[in-house]
Amino acid sequence: MRFRLPALVLMALLVASCSEPGPVAGSSPTSWPQPSPAASASPERLGPGGLTLDEEIGAVIMVGFRGTLSAAVLADWTRHQFGGLLVVNMNHNAGTAASMTALIAKLRGAVRHHLIAATDQEGGQVCLAVSSVPCLAMPVGRTGTARMAAAL
């Protein structure tokens, strides 16, 4: 309990030091330095990774889409620079290993960073419906797991 008052005083000082400075006596808010237009953040300003802020946000998002790769979807990927593709059966993105490979290659060509392609491979209804991938129920054991992983 004897540390309560000093802790409260310290907390008040910390809060006060983090606040915006007020106007100085005799000055008006309009005389404060204003940021130049060049110094303000713009959507075209590139960060250390060579991406805009919107693209950096997109780069940490894994998304999926329904259907085949259209020009509109490709434009969206190019604009947002998504970081990952989530491939699941309900999206019906591809039906063969070759078409899935082509889809991933086109999306990788649209982004300026590494792209992760992932699926939730549990067998049954949550199995990637590509003919070369065995859809075995989990747990599949060492042999079945190795065969499924190699096919993926």
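Residues in the range 55-78 that are in a helix (DSSP H, G or I) and open to solvent by less than 70 Å² (accessible area, probe 1.4 Å): Glu55, Glu56, Gly58, Val73, Leu74, Ala75, Asp76, Trp77, Thr78. Among the residues of the range 79-97, those that are open to solvent by 30 Å² or more (accessible area, probe 1.4 Å), out of contact with any Ser or Thr (no Cβ under 8 Å at 6 or more places or on another chain) and closer than 18 Å to Leu115 by Cα comprise Arg79, His80. In the set Leu46, Leu103, Leu51, only one residue is modelled with pLDDT of 90 or more and either assigned to a loop (DSSP other than H, G, I, E, B) or surrounded by 13 or more Cβ atoms within 10 Å (Cβ to Cβ) (or both); that residue is Leu103. Any residue at all in the range 87-99 that is part of a loop (DSSP other than H, G, I, E, B), among the β-branched types (Val, Ile, Thr), out of contact with any Asp or Glu (no Cβ under 9 Å at 6 or more places or on another chain) and at pLDDT 90 or above? Within the range 87-99, not a single residue is part of a loop (DSSP other than H, G, I, E, B), among the β-branched types (Val, Ile, Thr), out of contact with any Asp or Glu (no Cβ under 9 Å at 6 or more places or on another chain) and at pLDDT 90 or above.
The values are calculated or read from the model by the stated rules, or taken from the named source; none is laboratory data. Since the model is a prediction, treat every value here as computed from it, not as a measurement. Cβ: placed from backbone, ideal geometry, glycine included. Neighbour counts: every protein chain shown. The accessibility values were calculated without ligands, DNA or RNA, using every heavy atom of the protein model including side chains. Shrake-Rupley method; radii C 1.70, N 1.55, O 1.52, S 1.80 Å.
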